[in-house]
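Structure first, then comments.
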Amino acid sequence: MKQFVLSLGAIYGFLSVALGAFGAHGLKKILSAEKLQSFEVGVRYQLTHALLLLLMGFFLNFQSSTERYAAYFLALGITLFSGSIYVLSFSEKLPFSVKFLGPVTPIGGLFLLLAWASLVYIFAKGNFSN
């Protein structure tokens, strides 16, 4: 599990830097300022939470179910939150509607909150496994 979390954190980090560079240099002429700003929010949240995944991978051993759930919640939250924002940023350019993704963003945010709440619980109880 530890290797999975570290690898996933590194992958999400890599992708956030690549997407951030793409957004800063390649999307200015394609997206409106508002859509570009939304895209950048997705990148910022992805990078922030990729770093959290790396920290979790370094400091937790994932022996408890709460530690494992925190990692799963975080991975799912990053994918749903940032991923839906990326797609929604291109909504005006796509030949089909992606409005169904509107509710996915807050669901992803809920999973991010669950991950943070799990960490609060782990640290408040003092029973993390490292």
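The values are calculated or read from the model by the stated rules, or taken from the named source; none is laboratory data. Computed from a predicted structure; not experimentally measured. Here the Cβ positions follow ideal geometry from the backbone for every residue, glycine too, while neighbour counts run over all protein chains shown. The protein model used for the area step is the full one, side chains on, heavy atoms only, and it has no ligands, DNA or RNA in it. Shrake-Rupley method; radii C 1.70, N 1.55, O 1.52, S 1.80 Å.
Applying a threshold of 7 Å to beta carbon distances and a minimum spacing of six or more residues, or different chains, the list of pairs starting in the stretch 7-24 at a residue that is over 23 Å from residue 72 (Cβ atoms) and ending at one that is open to solvent by less than 50 Å² (accessible area, probe 1.4 Å) and assigned to a helix (DSSP H, G or I) reads 20/43; 23/36; 23/39; 23/43.
On the given criteria, is residue 36 at pLDDT 95 or above and surrounded by fewer than 20 Cβ atoms within 10 Å (Cβ to Cβ)?
Details: at pLDDT 95 or above: no; surrounded by fewer than 20 Cβ atoms within 10 Å (Cβ to Cβ): yes.
Judged against the criteria, residue 36 is not a match.
The conditions of being of a type in the set (A, V, I, L, M), in contact with a His (Cβ under 9 Å, 6 or more places away or on another chain) and open to solvent by less than 60 Å² (accessible area, probe 1.4 Å) are met by residue 115. Residue by residue through the stretch 98-112, note down the ones that are at pLDDT below 95 and open to solvent by 80 Å² or more (accessible area, probe 1.4 Å). Across the stretch 98-112, the qualifying residues are 99, 100. Regarding the stretch 74-90, can at least one residue be identified that is open to solvent by 40 Å² or more (accessible area, probe 1.4 Å) and in contact with a Ser or Thr (Cβ under 6 Å, 6 or more places away or on another chain)? Within the stretch 74-90 (the criterion being open to solvent by 40 Å² or more (accessible area, probe 1.4 Å) and in contact with a Ser or Thr (Cβ under 6 Å, 6 or more places away or on another chain)), the answer is no, since none of the residues qualifies. Can you find a residue that is surrounded by fewer than 20 Cβ atoms within 10 Å (Cβ to Cβ) and more than 17 Å from residue 5 (Cβ to Cβ) anywhere in the stretch 48-60? Checked against the condition, which is being surrounded by fewer than 20 Cβ atoms within 10 Å (Cβ to Cβ) and more than 17 Å from residue 5 (Cβ to Cβ), the stretch 48-60 yields no hits at all. Within the stretch 43-60, residues that are assigned to a helix (DSSP H, G or I) have Cβ atoms under 6 Å from residues that are open to solvent by 10 Å² or more (accessible area, probe 1.4 Å) and charged (D, E, K, R) in these pairs: 57/2, counting only partners at least 6 apart in sequence or on another chain.
Quick one: which of 85, 107, 122 is in contact with an Asp or Glu (Cβ under 7 Å, 6 or more places away or on another chain), farther than 18 Å from residue 4 by Cα and not in a loop (DSSP other than H, G, I, E, B)? Being in contact with an Asp or Glu (Cβ under 7 Å, 6 or more places away or on another chain), farther than 18 Å from residue 4 by Cα and not in a loop (DSSP other than H, G, I, E, B) holds for just one of 85, 107, 122, which is 122. Take the residues in the stretch 61-73 that are open to solvent by less than 30 Å² (accessible area, probe 1.4 Å) and part of a helix (DSSP H, G or I), then tell me which one is nearest to residue 17 (Cα to Cα). Filtering the stretch 61-73 for residues that are open to solvent by less than 30 Å² (accessible area, probe 1.4 Å) and part of a helix (DSSP H, G or I), the one nearest to residue 17 (Cα to Cα) comes out as 71. Taking only the stretch 20-42 into account, find how many residues are polar (S, T, N, Q) and in a helix (DSSP H, G or I). Of the residues in that region, 2 qualify.
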